[in-house]
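Rule-based calculations on the coordinates, nothing more; no lab input. Model, not experiment: these values are computed from the prediction. Glycine gets a Cβ as well: all are built from the backbone with ideal geometry, and neighbour counts include every protein chain shown.
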Amino acid sequence: MTDTSAATPFAPGTAHRVAADALTAADAAAHAAGCHVRPISALPDLEAACRLFEGIWKPGSENALATTELLRAMDKAGSYVAAAFDGEEGPLDAALDGREGGELVGACIGFFGPPPDGALHSHIAGVSARMRGRSVGFALKAHQRAWALQRGVAQVSWTFDPLVRRNAYFNIGKLAGRAAQYLPNFYGRMNDGINGADDTDRLLVEWRLAAPEVAAACDGHHRATDAAAELAGGATVALGATADGRPHAYSVIGPRTLVAVPEDIEQLRRTDPQSAAAWRSAVRDALGGLIADGWQVTGFDRAGWYLLADPRTPS
């Protein structure tokens, strides 16, 4: 079961302040990325968002990620359908009025869960290849947080491939997301340009929007993890790599442990599918097993290490 306790109403008098601070942080993130982010509803923008998703994932003809009709319906139903456009447009609260302009270079869509949860599930987010490295994805997520807080939403969740280093760092380190559940082969075989024929294991992230660590992350104070320092301080390795780049599991000893992922799983899927499948299985057993046993992911080192802690063990 996913813990939804964070999706409860804000304390009296705090909601407006938290939402206002989130708008300021989102405006700063968009400014730093040289883009503007806003909800979209016009058909040309919805069509452009679908083309962007197709260009990133390159799904098979029978497996479209999203359609214009679906995004149109989601927007009409009050779900989150937004895009990032190249170039600045001024303060974020002014940009939310739906003005047009700029090339669409990123998009994000999400829908609401059951009423008791009061939470948003962020389903797809992507940024064009030419804009990578400019933190457009971060600006999109900061906007999504501000948008959700304006509507009284306390939590956003989403999934990502736990073997992709840049995504793990972005979600765990840069956004301070909480890894809540390991989901084996969540979507089944997708056979697209990113997942190939591999199982689609996913890590479910919960983003508690008013949490101090999330607010700090959206202000640019990202969570840093140093695997070497953790090892020097007594952490052990649950999953590492052999000299030839294959996964190797170890016995877990102590309250803190590290789980490795390969340098480039997407490249490995193309060049050595057997090795990629071995890593998938090993990470599923190590990371998935630890999370199922109550361990918490507390950080991710960009060098390719998840850091986990056992909250039941005194520090």
Kirkwood-type radius of the stretch 139-251, with distances r between different C-alpha atoms, in Å: 16.2
Rounded D (µm²/s) - the stretch 227-309, Kirkwood Rh over Cα pairs, Stokes-Einstein at 4 °C, 1.567 mPa s: 100
GNM flexibility winner over the chain from ASN63, ASN171, ASN185 (Cα, springs under 10 Å): ASN63
Which of LEU308, LEU231 has the fewest Cβ neighbours within 10 Å, and the rest in rising order: LEU231, LEU308
Charge dipole (the chain, unit charges on Cβ, about Cα centre) - positive-most of ALA28, ALA73, VAL261: VAL261
Positive-pole candidate from GLY233, TRP279, GLY113, dipole of the chain, charges at beta carbon: GLY233
Extended-chain gain in nm, criterion 0.36 nm per residue less alpha-carbon gap, THR68 and ASN185: 39.4 nm
The stretch 13-81: relative contact order as a whole-number percent, Cα under 8 Å and 6+ apart: 29
Mean Cα-pair separation over length for the chain, i.e. relative contact order, pairs under 8 Å, 6 or more apart, %: 16
Dimensionless Rg over Rh [the stretch 15-218; C-alpha; Kirkwood]: 0.93
Stretch gain in nm, segment THR242-ASP272, where the contour uses 0.36 nm per residue and the Cα spacing is subtracted: 9.2 nm
Of LEU175, LEU140, PRO311, farthest towards positive along the dipole that unit charges on Lys, Arg, Asp, Glu beta carbons give the chain: PRO311
FRET efficiency for GLN296 and GLN150, using Cβ-Cβ distance with R0 set to 41 Å, rounded to 0.05: 0.85
Label point distance in nm, ALA232-HIS16, each placed 7 Å from Cα along Cα→Cβ: 4.9
Potential extension, ALA303-LYS58 segment - 0.36 nm per residue separation minus Cα distance: 85.4 nm
Within the chain: Cβ-based charge dipole about Cα centre, in debye rounded to nearest 20 (Lys, Arg +1; Asp, Glu -1): 260
